Amino acid sequence: MPTLEDAATPSERTREILTRLERRNETASSSATALGAGGRTTLAALESLDAAWSRVRRGEYSPKPVTPFVKTSTGSGASDDAGETYDVVVCGGTLGILVATALQRRGAKTCVVERGALRGREQEWNVSRAETLALVDAGALSREDVEECLMIEFNPIRCGFKGADRELMTRDILNTGISPEKLVKRCRERFEEAGGTVLENSDLNAVEVFNDVARLDVNGESVRARLVVDCMGFGSPIVRQIRGDRKPDGVCVVVGSCAEGFDENDSADLIYTCTDIEEDYRGQYFWEAFPASSGPTDRTTYMFTYMDADEARPSISSMLDDYWEYMPKYQGLDSIDDIEFKRVLFGMFPTFRDSPLQTEFDRILQIGDASGIQSPLSFGGLAALLRHMTRIVGSIEEALDANALDRDALRSVNAYQPALSAAWLFQRCMMVPYDTKPSRDFINKLMSINFGVMESLGDDVLRPFLQDIVTFKGLGRTLISMAFTAPLFIPSILIQAGPGPLFDWFKHFAALGAYDVLSSPAKSLMPKIAQFGALSPRSRFIIRRNLEAVVYGAGRDQIDD
């Protein structure tokens, strides 16, 4: 069995490529580097990520600090020497600025704290045009602003698996590239125009929660807020304190690059395989590819795999070596030397079964990747936040109005969602446990059968799944059709999933059915809750959140206020 140290050192090829890129970009100021997943792609960043991945595999993902990052105190935290009090302080600005802008423009006095420069990275984020409208609906940007940030649009979108008889073609899913740099810049402009405060290059050192306010230690200075919004991603120190020393239940590791020198392209791959299950505990490699706006022969390619955090898992550096080897085959190149790299990307995305994460503190709320709201199949990031953007902004606004800022009230914002929990079985089936030996083509067969069935059932089944949305009717029809289409393959799926996960999944599937039945009444009842004058504002807030959870938990995301 490999040890944590095996292949943890970047290879000569990796060092050469990353060093060349660093030299090319050495004139750029380090303070202007966007932080967060995929924001830093230097050799030092790769070594740092691999060290973090080693700690995860050792069970040190969330070590409890000697001094708690968040402390709770009784009494009042207000004082004349602490400066002004904000309604909301958003910690983590790269995506947090989107929510902060919407809140500020709705009248909430908001501050953003960002440990680096508040700017987006160069690498485009891929979303659909329809998903970007959440920014307009929430009030962060105008339609014109969004259009200016969209750099490229492309179709069709391919899904294909090794050994399958045919490839599936679809449209308008992750088919635009939005500029993070322009998006963050425009949101910041609108945020500051509306009176918002940005504290960039600022370290958040601690949070202390009082009965009436939260105090944040920002660069040694005190900042007060009625509500602290944690948008600091998977590595949030607040999340680490809540999670304790638990290993993640699953991890998606991704490596990739943006390079020039491909044939001119205007189509993308949503999910694709060109190999079977790897040996040495790597699992099944999946691919994505998107055109880049920087040039007609530019293309971004990602290679990713689903794993648990067992100590036998390989380093990210060794996966990058596999990327150099397999990418030419995937993209039809003679050699990796046929292209010129502009950026190299790598990231680790842990997921937990007990998601969304419910806060342990008054006046603190997790959003985005910090909340675990993303599907265990996706990388998280922008698309996952946009799906919940209107809901999150509306919830925070109502929480402030109702003064529903205690732990129990805020927990209703990130309530149980069976659609999210039911997706765990998919990751389980796409992940190869280190102590099992399925046939090397098992996952490719599973994906080919699954996608073929969904295509035959029509867009109302296929498209939600491709957008990481699980519905009871779509999932139920798919499972029944698979049982009739490939009955001899079903036992292999049951063995691969295991009895424990299957039993757990069935509970969530049953809950998904109940939520589906209740979603229409819940949706119609939501606007009427405000008229229930006999209820306190806090009670109305919690009831609305619970109704919202039914709609979202059933995969029915369109909510009328």
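Exactly one condition in (1) part of a helix (DSSP H, G or I); (2) touching a helix residue (DSSP H, G or I) at 6+ places or on another chain (Cβ under 8 Å); (3) buried (at least 20 other Cβ atoms within 10 Å of the Cβ); (4) among the hydrophobic types (A, V, I, L, M, F, W, C) is false for Phe426; which is it?
(2)
Within region 438-463, how many residues turn out to be of a type in the set (Val, Ile, Thr), touching a residue at least 60 places away in the same chain (Cβ under 8 Å) and surrounded by fewer than 21 Cβ atoms within 10 Å (Cβ to Cβ)?
Within region 438-463, residues that are of a type in the set (Val, Ile, Thr), touching a residue at least 60 places away in the same chain (Cβ under 8 Å) and surrounded by fewer than 21 Cβ atoms within 10 Å (Cβ to Cβ) number 0.
Can you name the residue in region 161-189 that is in contact with a Leu (Cβ under 7 Å, 6 or more places away or on another chain) and not hydrophobic (A, V, I, L, M, F, W, C) and, of all such residues, is nearest to Gly92 (Cα to Cα)?
Arg188
Name, by its number, the condition in (1) touching a Gly at 6+ places or on another chain (Cβ under 9 Å); (2) touching a residue at least 12 places away in the same chain (Cβ under 8 Å); (3) surrounded by fewer than 20 Cβ atoms within 10 Å (Cβ to Cβ) that does not hold for Ser179.
Ser179 satisfies every listed condition except (3).
With the condition being at pLDDT 90 or above and either more than 29 Å from the chain's Cα centre (by Cα) or within 25 Å of Asp408 (Cα to Cα) (or both), I'd like the helices (runs of 4 or more DSSP H) fully within region 477-561 carrying at least 3 qualifying residues.
Numbers: elements: 490-497, 499-525, 537-553.
Passing ranges, in order: 499-525, 537-553.
Residues that are of a type in the set (A, V, I, L, M) and within 20 Å of the chain's Cα centre (by Cα): which strands (runs of 3 or more DSSP E) entirely in region 239-329 hold 2 or more of them?
250-260, 268-272, 298-307
Restricting attention to region 389-422, which residues are within 19 Å of Ala370 (Cβ to Cβ) and among the aliphatic types (A, V, I, L, M)?
Listed by number, the residues that qualify are Met389, Ile392, Val393, Ile396, Ala399, Leu405, Ala409, Leu410, Val413, Ala415, Leu420.
Only one of (1) in contact with a Lys or Arg (Cβ under 9 Å, 6 or more places away or on another chain); (2) modelled with pLDDT of 95 or more; (3) in a helix (DSSP H, G or I) is not met by Glu131, so which one is it?
The failed condition is (2).
Yes or no: region 136-154 includes at least one residue that is farther than 25 Å from Val461 by Cβ, part of a loop (DSSP other than H, G, I, E, B) and polar (S, T, N, Q).
yes
Yes or no: Arg387 basic (Lys, Arg) and either within 27 Å of Ser73 (Cα to Cα) or free of Cβ contacts under 8 Å to residues at least 40 places away in the same chain (or both)?
It is false that Arg387 is basic (Lys, Arg) and either within 27 Å of Ser73 (Cα to Cα) or free of Cβ contacts under 8 Å to residues at least 40 places away in the same chain (or both).
State yes or no: is Phe161 under 27 Å from Glu288 (Cβ atoms) and touching a residue at least 60 places away in the same chain (Cβ under 8 Å)? Don't jump to the end; show me each part of the working.
Numbers: under 27 Å from Glu288 (Cβ atoms): yes; touching a residue at least 60 places away in the same chain (Cβ under 8 Å): yes.
Against the criterion (under 27 Å from Glu288 (Cβ atoms) and touching a residue at least 60 places away in the same chain (Cβ under 8 Å)), Phe161 qualifies.
Here are Gly116, Gly107: which of them is modelled with pLDDT under 95, assigned to a loop (DSSP other than H, G, I, E, B) and small (Gly, Ala, Ser)?
Gly116
For the structure I just gave you, tell me whether Glu192 is in a helix (DSSP H, G or I), without any contact (Cβ under 8 Å) to a residue 12 or more places away in the chain and either under 30 Å from Leu462 (Cα atoms) or charged (D, E, K, R) (or both).
Against the criterion (in a helix (DSSP H, G or I), without any contact (Cβ under 8 Å) to a residue 12 or more places away in the chain and either under 30 Å from Leu462 (Cα atoms) or charged (D, E, K, R) (or both)), Glu192 qualifies.
Any chance you could count how many residues in region 382-419 are touching an Asp or Glu at 6+ places or on another chain (Cβ under 7 Å) and in a loop (DSSP other than H, G, I, E, B)?
2
Before we move on, is Ala483 under 30 Å from Val90 (Cα atoms) and among the aliphatic types (A, V, I, L, M)?
When the stated conditions are applied, Ala483 does not pass them.
The values are calculated or read from the model by the stated rules, or taken from the named source; none is laboratory data. On a predicted model such as this, the values are computed, not experimentally measured, just so you know. Every residue, glycine as well, gets a Cβ built from its backbone with ideal geometry; the counts of neighbours run over all protein chains shown.
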